[in-house]
Each structure stands twice: as structure tokens, then as C-alpha cells.
Amino acid sequence: MNPFLAIGQIVVSFAVIVAILLQARGTGLSSTFGGDSAVYRSRRGIERTLWQFTIVLLTLFVLFSLAAFVFAPTA
């Protein structure tokens, strides 16, 4: 495996983890059992930017994975 692809995939995966954890506010167990009264809420401001950034990071992760598969040495 190409070391640049491996390092890129690791860096992007950590960034995806951080981006997802930053979005997970207010989603504790209490909202699972009906503690949250908001049925629908749109994303605004920094929350929307973080959502879009997460989508970009996930796309990059998929591209790195596909590139690693395509450029993998054959046995």
C-alpha cells in the first residue's frame, strides 16, 4: 500500500471522528425515550458548516479507500 494513501486515510479518519463527535450534542439517552420535544430542526450557521464539512471528509475517506484498492500491489 502506498504510504501517502495510508497516512492520508488515517488523517481523514481522525478528522471524521472529530467532526462526528462535535455534532453529537444533545443526543443522549434521554432523547431516545422521548425527552427531546423537537420534531424537526434545521441546521444553521456553524452547525450547517460542520455538517457539510463532515460530508466532504467522508467523501475524501471513500476516495482514499478506493485509491488504496486500485493502487494496491497484486499478489
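Does L5 satisfy the condition of being assigned to a helix (DSSP H, G or I), at pLDDT 55 or above and loosely packed, with under 11 Cβ neighbours inside 10 Å? Please lay out each step first, then the result.
Working: assigned to a helix (DSSP H, G or I): yes; at pLDDT 55 or above: yes; loosely packed, with under 11 Cβ neighbours inside 10 Å: no.
So L5 fails the test.
Take the residues in the range 8-55 that are among the small types (G, A, S) and within 12 Å of the chain's Cα centre (by Cα); name whichever of them is modelled with the lowest pLDDT.
Taking the range 8-55 as the starting set, the residues that turn out to be among the small types (G, A, S) are 8, 13, 15, 19, 24, 26, 28, 30-31, 34-35, 37-38, 42, 45.
Then keep just the ones that are within 12 Å of the chain's Cα centre (by Cα); that gives 13, 15, 19, 24.
Numbers: S13: 96, A15: 96, A19: 91, A24: 66.
Looking at residues that are among the small types (G, A, S) and within 12 Å of the chain's Cα centre (by Cα), I get A24.
Sort out which residues of the range 56-75 are hydroxyl-bearing (S, T, Y) and modelled with pLDDT under 85, and write them in order of number. Walk me through how you get there before you give the answer.
Within the range 56-75, the subset hydroxyl-bearing (S, T, Y) is 59, 65, 74.
Passing the criteria: only T74.
The values are calculated or read from the model by the stated rules, or taken from the named source; none is laboratory data. Everything numeric here is computed off the predicted structure, so don't read it as measured data. Every residue, glycine as well, gets a Cβ built from its backbone with ideal geometry; the counts of neighbours run over all protein chains shown.
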